[in-house]
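Here it is: the structure, laid out below.
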Amino acid sequence: MSCFTRNIIVTGGAGFIGSHAVRLFVNKYPEYRIINVDKLTYAGNLANLKDLENASNYIFVRADICDFNLMNELMTEYNVDGIIHLAAESHVDRSIKDPFTFARTNVLGTLSLLQAAKNTWRGDWENKLFYHVSTDEVYGSLKLDGGLFTETTRYLPHSPYSASKASSDHFVRAYHDTYGMPTLVTNCSNNYGPYQFPEKLIPLFINNIRHEKPLPVYGKGENVRDWLYVEDHVRAIDLIFHQGRVGETYNIGGFNEWRNIDLVRLLVSTVDRILGLKPGTHEYLITHVSDRSGHDLRYAIDSTKLKQELGWEPSLQFVEGLDKTVHWYLTNQEWINRITSGSYRAYYEEMYGNL
Ligand code: NAD
Ligand code: TYD
């Protein structure tokens, strides 16, 4: 008999947000057993969880969520009663080049997990939960003066990435509505913080400044994103996992909208200041390049429901969070050097040419 009160699979736990979620759950709930199921794609990195290697309530299983038989076996072997599903292909630019991989992992992988949970739980839903982590990008794009995304905004995805995430959200709700599975869906805004793969804007640009390489701003840099510190996101996941109303959707965001070009200027001056240089020294690296196809103009999350129902609020202001983030990347150069050697170089060249 296991001495754990809960057995929870976290998928994608070796990725950016997943590693923060695993760390929070393993450390905060020693009475839970956390099973991290991750395929270790280019984005998965066990170095993100080095501090947990010897934790007695943590298990890592290298597996593809699309492997339905294996998902069934893991559910039974570990007597799983909760799933926090983060595994996904997550980068819009890659989805434009290779949409099939996104449909496979994000849609079929989610379906495979749902069906494995249904097979294993067999209608005994007591103390069971399938928690699906999704994105605000499923709602599409807002006008610059066009309000915020709420939980009832209709889905209108534009990129292959957001289309695949939208589809997975629909499947999760279908399992709730059709079979009665206890599910929760959360849609969060852009995350930033330590351990983010340097294909996304903030870590990519910090790394490029470090190497005095151009900062490729798509188009005029007028697109707006709503940024949330990753630890605030996983605090919300913890709260919603334990106290959210089953079957519901919650938006997660910090009312923190930034135009890309303004964010990039703030990022440059933050890096410069921390390096002991005059803020703005590296602004000459800012380079406008061709726009992303189908580039969503603006994302902005209304997280009033989460605040009103569960009292969640972001803990960090953006300037403070960005400062922490820049500090982390500049003091963990070995982590980023490892990632940016090897296949990353081919990716960079394919994406940005000789820039
Ligand atoms: P990430 O790309 O950093 O990590 C994804 C993880 O999933 C990696 O560890 C990878 O190895 C794993 N994975 C990929 N395919 C897999 C498969 N077939 N089987 C098992 N594991 C697989 O992603 P992230 O930024 O941490 O995002 C995590 C989740 O949060 C995603 O579902 C994403 O859609 C969602 N989300 C991300 C953001 C953001 O700003 N990054 C915002 C809102 C929601
Ligand atoms: P990204 O971090 O890829 O997140 P998402 O596309 O999911 O919002 O990009 C954030 C914003 O930064 C987005 O508007 C695209 C823009 N961007 C650039 O201008 N240049 C880049 O090299 C990257 C990766 C993104």
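The values are calculated or read from the model by the stated rules, or taken from the named source; none is laboratory data. Quick caveat, the model's predicted, so the values are computed rather than measured. A quick note on method: Cβ atoms are made from the backbone with ideal geometry, for glycine too, and the neighbour counts reach across all protein chains shown. Calculation scope for accessible area: heavy atoms of the full protein, side chains included, ligands and nucleic acids excluded. Shrake-Rupley method; radii C 1.70, N 1.55, O 1.52, S 1.80 Å.
List the number of the failed condition for Val92; all other conditions in (1) away from ligand 2 (no atom under 12 Å from the Cβ); (2) of a type outside the set (Ser, Thr, Tyr); (3) surrounded by 18 or more Cβ atoms within 10 Å (Cβ to Cβ) hold.
So the condition that Val92 fails would be (1).
Condition first: acidic (Asp, Glu), assigned to a loop (DSSP other than H, G, I, E, B) and away from ligand 2 (no atom under 16 Å from the Cβ). Now tell me which residues in the stretch 261-317 satisfy that.
The initial filter retains those residues of the stretch 261-317 that are acidic (Asp, Glu), namely 262, 272, 283, 291, 296, 302, 309, 313.
Right, trim to assigned to a loop (DSSP other than H, G, I, E, B) and you get 291, 296, 302, 313.
If the condition is that a residue be acidic (Asp, Glu), assigned to a loop (DSSP other than H, G, I, E, B) and away from ligand 2 (no atom under 16 Å from the Cβ), then Asp302, Glu313 are the ones that fit.
Of all residues in the stretch 56-81 being of a type in the set (A, V, I, L, M) and open to solvent by 30 Å² or more (accessible area, probe 1.4 Å), which is nearest to the chain's Cα centre (by Cα)? Break it down stepwise before answering.
Pass one, the stretch 56-81, residues of a type in the set (A, V, I, L, M): 59, 61, 63, 65, 70-71, 74-75, 80.
Those left that are additionally open to solvent by 30 Å² or more (accessible area, probe 1.4 Å): 59, 70.
Working: Ile59: 21, Leu70: 24 Å.
Looking at the filtered set, the residue picked out is Ile59.
All but one of (1) touching a Leu at 6+ places or on another chain (Cβ under 9 Å); (2) within 15 Å of ligand 1 (Cβ to nearest atom) hold for Tyr42; state the number of the condition that does not hold.
So the condition that Tyr42 fails would be (1).
Select from the stretch 140-180 the residues that are under 24 Å from Ile96 (Cα atoms), free of Cβ contacts under 8 Å to residues at least 60 places away in the same chain and surrounded by fewer than 19 Cβ atoms within 10 Å (Cβ to Cβ) and list them in ascending order.
Within the stretch 140-180, Arg154, Tyr155, Leu156, His170 qualify.
If I ask for residues that are in a helix (DSSP H, G or I) and free of Cβ contacts under 8 Å to residues at least 24 places away in the same chain, which ones from the stretch 46-96 would you list?
First, the residues of the stretch 46-96 that are in a helix (DSSP H, G or I): 46-52, 68-77, 92-96.
Lys50, Asn69, Leu70, Glu73, Glu77 - these are the residues of the stretch 46-96 that are in a helix (DSSP H, G or I) and free of Cβ contacts under 8 Å to residues at least 24 places away in the same chain.
Filter the stretch 266-279 down to the residues that are open to solvent by 10 Å² or more (accessible area, probe 1.4 Å) and either in contact with a Lys or Arg (Cβ under 8 Å, 6 or more places away or on another chain) or of a type in the set (Ser, Thr, Tyr) (or both) and list them by number.
Of the stretch 266-279, the ones open to solvent by 10 Å² or more (accessible area, probe 1.4 Å) are 266, 269, 273-279.
Within the stretch 266-279, Ser269, Pro279 meet the criteria.
Considering only residues that are assigned to a loop (DSSP other than H, G, I, E, B) and either near ligand 2 (Cβ under 9 Å from one of its atoms) or buried (at least 20 other Cβ atoms within 10 Å of the Cβ) (or both), which ones fall in the stretch 199-217? Show your work before the answer.
Initial filter on the stretch 199-217 (assigned to a loop (DSSP other than H, G, I, E, B)): 199-200, 211-214.
Scanning the stretch 199-217 gives Glu199, Lys200.
With open to solvent by less than 20 Å² (accessible area, probe 1.4 Å), touching a residue at least 60 places away in the same chain (Cβ under 8 Å) and over 18 Å from the mean Cα position of the chain (by Cα) as the only criterion, which of Leu322, Leu310, Leu263 stands out?
Leu263
Mind checking whether some residue in the stretch 25-45 is away from ligand 2 (no atom under 16 Å from the Cβ), in a helix (DSSP H, G or I) and under 19 Å from the mean Cα position of the chain (by Cα)? Spell out how you get there, then give the answer.
Here is the first cut: in the stretch 25-45, the ones away from ligand 2 (no atom under 16 Å from the Cβ) are 25-41, 44-45.
Now drop any that are not in a helix (DSSP H, G or I), which leaves 25-28.
Imposing the further condition that a residue be under 19 Å from the mean Cα position of the chain (by Cα) reduces the set to 25-26.
Yes, the stretch 25-45 has at least one match.
Is it the case that the stretch 125-135 has a residue that's of a type in the set (Lys, Arg), touching a residue at least 12 places away in the same chain (Cβ under 8 Å), open to solvent by 10 Å² or more (accessible area, probe 1.4 Å) and within 16 Å of ligand 2 (Cβ to nearest atom)? Give the derivation first.
Pass one, the stretch 125-135, residues of a type in the set (Lys, Arg): 128.
Applying the additional criterion that residues be touching a residue at least 12 places away in the same chain (Cβ under 8 Å) yields 128.
Okay, now just the ones that are also open to solvent by 10 Å² or more (accessible area, probe 1.4 Å), so 128.
Still in the list and also within 16 Å of ligand 2 (Cβ to nearest atom): none.
No - not one qualifying residue is present in the stretch 125-135.
If I filter the stretch 47-62 for residues that are among the aliphatic types (A, V, I, L, M) and at pLDDT below 95, do I get at least one hit? Lay out the reasoning, then the answer.
Restricting attention to the stretch 47-62, the residues satisfying the condition of being among the aliphatic types (A, V, I, L, M) are 47, 49, 52, 55, 59, 61.
Now restrict to residues that are at pLDDT below 95: none.
No, every residue in the stretch 47-62 fails to be among the aliphatic types (A, V, I, L, M) and at pLDDT below 95.
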